[in-house]
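Reviewing the structure listed below.
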Amino acid sequence: MARATVQGRLGERLRWRTAEVVGRGSEYAEATTLMLKVPDWPGHLAGQHVDVRLTAEDGYSTQRSYSVASTPEPGYLEITVQSLPDGEVSPYLAHDMAVGDLLELRGPVGGWFVWRPEQEEPVLLVAGGSGLVPLMSMIRARGSSGGRTPFRLLYSLRSPAHGLYTKELREGLPGLDVTYLYTREAPEGAKREPGRIVPSDLVDHGWPAEFAPTCYVCGPTAFAEKASAYLVLLGHSPERVRVERFGGTGE
Amino acid sequence: MIISRGFHGRRPTADRKLPPGQYETTGFPVLSAGPTPRLSAADTELSVTAETGRRHTWRWADLMALPSERPTVDLHCVTKWSKFETRWEGISLDVLLADVETDADHTLVSSHGGYTTNIPLADLLDGKAWVVHTYEGEPLAPEHGGPLRLLVPHLYLWKSAKWLRSIELRDEDEPGFWESAGYHDYGDPWREQRYRGD
């Protein structure tokens with residue numbers, strides 16, 4: 001594992017900033033994208049996350065981390081929130097927050113699970129469910145920086161009705177290959193039977209290990225453990241497999 | 001203070017005390033930066049190297065022959081979750097370091113897979129840290145750091161390195177993997193030392 005790169009200016013505290021909801025985008029029933037205007041936001045590196053803090057009227061507050069979904073830019077960012085049953089924070093963010101509402105956030109955080117436009121090697125993105133969010137930021141960062149390095153995305157999702165950024169991914173980008181791996185229900189005519197990711201998915205739609213791509217795997221723990229183990233078995237150097245796991249927390 | 005309109009939240013249960021910004025989980029989430037290495041207990045070797053260069057090593061059988069303890073501790077992860085009353089079995093660092101002569105103040109802990117983290121030596125001593133091999137009565141699972149991980153529960157969990165390989169005692173502090181990436185050098189959850197400058 002290489003050393004992570006130092007992020008931000010040394011010694012400068014990551015301070016809390018006030019973000020205003022300026023738009024809401026519905027992805028599917030349980031998932032919403034919040035568009036946030038954040039004065040003085042410095043921008044981020046694709047793949048990084050932010051800490052979100054919500055405070056109730058009696059002063060009780062709680063924090064969660066969310067990956068940034070949008071392309072890096074100053075003053076603005078988007079997060080995509082999947083509402084979890086019984087979640088303390090995600091149902092509020094996904095369903096209750098309205099345009100004009102405020103929350104606090106700080107960041108950007110994380111210097112390892114990032115993609116930089118100056119990277120020249122091919123990229124393999126392996127997403128499980130809402131694990132697509134930080135990978136989408138990488139796809140968008142590649143697009144807005146005019147990047148030409150080839151990207152392949154394997155996106156595992158329950159059914160065609162559970163897709164994030166559906167229209168944008170369907171429109172596509174030159175040099176971006178997208179493969180959908182449906183786990184429960186595939187569209188009519190699909191060649192692949194619905195099911196969880198298997199090594200042959202990575203063989204058929206990923207990059208050969210000899211191309212030495214950087215692989216980014218993001219998803220629920222069980223998915224991320226499996227997908228990253230398969231990549232290592234297929235010959236990818238563990239150094240080149242970056243993993244972000246989530247879930248198991250009930251939030 | 002910015003109030004989020006209509007947010008009520010959920011207060012922690014009963015008498016539990018959570019560090020600032022944390023919430024309770026009953027699951028056991030997994031946080032690691034790369035693929036999980038598959039290591040066998042039989043091939044395990046743990047080393048401690050003093051600032052003099054003197055190296056001490058323990059094979060698995062050596063570790064199992066040492067007196068063990070069964071700490072029950074609370075875990076606090078920098079990603080905000082806390083888990084109460086987790087039960088472990090392992091060897092106190094006081095036992096492991098008893099015969100190691102050192103005047104060093106710092107340690108750099110290394111894992112299989114290349115992960116590192118820095119911890120003051122004082123935070124590994126006096127009953128505050130263990131190398132553990134058993135979680136809730138079962139051999140520690142690979143995704144949680146098995147066969148052997150460090151457990152330093154009074155600091156954020158990234159300090160409790162998984163897949164423990166070596167502990168280097170040093171005169172100078174050297175930041176580890178996350179500490180070099182903007183996370184706090186010390187990581188006290190009760191002072192909410194998540195990121196550099198906190």
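Output the peptides B:117-124, B:148-155, A:121-128 sorted from most to least packed, where packing is the average of other Cβ atoms within 10 Å over each peptide's residues.
Final packing ranking: A:121-128, B:148-155, B:117-124.
If you take each beta carbon of peptide B:74-82 and count the beta carbons of other chains within 10 angstrom, what is the mean? Walk me through the numbers on the way to the answer.
Details: counts 0, 0, 0, 1, 3, 9, 9, 5, 0.
The mean count of partner-chain Cβ atoms within 10 Å per residue comes to 3.
What fraction of the DSSP beta bridges in the protein assembly as shown is antiparallel, stated in percent and rounded to the nearest 5? Let's see the in-between values first.
On the way: 63 of 92 bridges.
Here the antiparallel bridges make up roughly 70 percent for the protein assembly as shown.
Only counting protein heavy atoms at a 1.4 Å probe, give the residues of region A:93-109, ordered by number, whose accessible area falls by 30 Å² or more when the other protein chains are present relative to the chain alone.
By number: A:ASP101, A:LEU102, A:GLU104, A:ARG106, A:VAL109.
Between A:ARG170 and B:MET1, what's the calculated FRET efficiency when r is the beta-carbon distance and R0 is 45 Å? Round to 0.05. Before the final figure, lay out the partial values.
On the way: r = 43 Å, r/R0 = 0.95.
Efficiency for this residue pair is about 0.55.
Taking every eigenvalue of the Cα gyration tensor of region A:83-213, multiplying by 5 and rooting it, what semi-axes result, largest first, whole Å? Working shown, then result.
Numbers: eigenvalues 145, 100, 37 Å².
Output for region A:83-213: semi-axes of 27, 22, 14 Å.
In Å², rounded to the nearest 100, what is the total accessible surface buried by chains A and B against each other with a 1.4 Å probe? Display every interim value, and only then the final one.
Values: alone 12630 and 10660 Å², together 19170 Å².
Roughly 4100 Å² of accessible surface disappears when A and B pair.
Restricting to chain A, compute how many DSSP beta bridges are antiparallel as a %, nearest 5.
Values: 31 of 55 bridges.
In chain A, DSSP labels about 55 percent of beta bridges as antiparallel.
Which residue, B:VAL109, B:VAL95, B:VAL30, tops the fluctuation ranking in a GNM of chain B built on C-alpha contacts under 10 Å?
Comparing B:VAL109, B:VAL95, B:VAL30 in the GNM, the peak value goes to B:VAL30.
Quick one: of the DSSP bridges fully inside chain B, what percent are antiparallel, nearest 5?
Percentage antiparallel, nearest 5: 85.
Taking the dipole about the Cα centre of region A:17-109, with the C-beta of Lys and Arg at +1 and of Asp and Glu at -1, give me whichever of A:SER67, A:LEU34, A:VAL109 is farthest to the positive side.
With unit charges placed on the Cβ atoms, the residue in question is A:VAL109.
How far, in degrees from 0 to 90, does helix A:132-144 lean away from the longest principal axis of the Cα atoms of chain A, to the nearest 10?
With both axes taken from Cα atoms, the answer is about 90 degrees.
When the dipole is taken about the Cα centre of region A:20-141, and only Lys, Arg (+1) and Asp, Glu (-1) are charged at their Cβ, what size is it in debye, to the nearest 20?
Numbers: 7 positive and 17 negative charges, 48 e Å.
Magnitude of the dipole: close to 240 debye.
Given a 1.4 Å probe and every protein chain left where it sits, what share in percent of the accessible area of the protein assembly as shown is carbon and sulfur? Don't skip to the answer; put the middle values down first.
Numbers: 9620 of 19170 Å².
The computed percentage sits at 50.
Label points 7 Å out from Cα along the Cβ direction at A:GLU57 and B:ARG55: separation in nm?
For A:GLU57 paired with B:ARG55, the spin-label model returns 6.5 nm.
By how many nm would the segment from A:VAL178 to A:SER144 lengthen if fully extended, with 0.36 nm per residue of separation less the alpha-carbon distance?
Residue separation times 0.36 nm, minus the Cα-Cα distance, leaves 10.4 nm.
Springs between alpha-carbon atoms under 10 Å, Gaussian network over chain B: tell me which of B:SER160, B:SER68, B:SER111 tops the mean-square fluctuations.
Top of the fluctuation ranking is B:SER68.
Quick one, what does Rg over Rh come out to for region A:17-109 if you take C-alpha atoms and the Kirkwood Rh?
On the way: Rg = 12.3 Å, Rh = 13.2 Å.
That ratio equals 0.93.
B:ASP198 to B:TYR186: extension gain in nm, 0.36 nm per residue of separation minus the Cα-Cα distance? Walk me through the numbers on the way to the answer.
Values: separation 12, 0.36 × 12 = 4.32 nm, distance 1.02 nm.
Using 0.36 nm per residue and subtracting the Cα-Cα distance, I get 3.3 nm.
Rounded to the nearest 500 deg cm²/dmol, what is the calculated helix-only ellipticity per residue at 222 nm for chain B, with -39500 (n - 2.57) per DSSP H run of length n ≥ 4? Please list the in-between numbers first.
Working: 2 runs with 9 residues, N = 198.
The helix contribution divided over chain B gives -1000 deg cm²/dmol.
Can you tally the lysine pairs in the protein assembly as shown where the Cα-Cα distance is under 16 Å and the two residues are eight or more apart, or on different chains?
On the way: B:LYS17/B:LYS80; B:LYS17/B:LYS83; B:LYS80/B:LYS159; B:LYS83/B:LYS159; B:LYS128/B:LYS159.
The result is 5.
Quick check on packing: order A:185-194, A:90-99 by the mean number of other C-beta atoms within 10 Å, highest mean leading. Provide the component values of the computation, followed by the final result.
Numbers: A:185-194: 10.2, A:90-99: 17.6.
Result, highest mean first: A:90-99, A:185-194.
Averaged over peptide B:22-30, how many Cβ atoms belonging to another chain are found within 10 Å of each residue's Cβ?
Values: counts 2, 8, 3, 4, 3, 6, 3, 8, 10.
Taking the mean over all residues of the peptide, I get 5.
The values are calculated or read from the model by the stated rules, or taken from the named source; none is laboratory data. The shown structure was predicted, so the numbers you read here are calculated from the model rather than taken from an experiment. Every residue, glycine as well, gets a Cβ built from its backbone with ideal geometry; the counts of neighbours run over all protein chains shown. All accessible areas refer to the heavy atoms of the entire protein, side chains included, with ligands and DNA or RNA removed. Shrake-Rupley method; radii C 1.70, N 1.55, O 1.52, S 1.80 Å.
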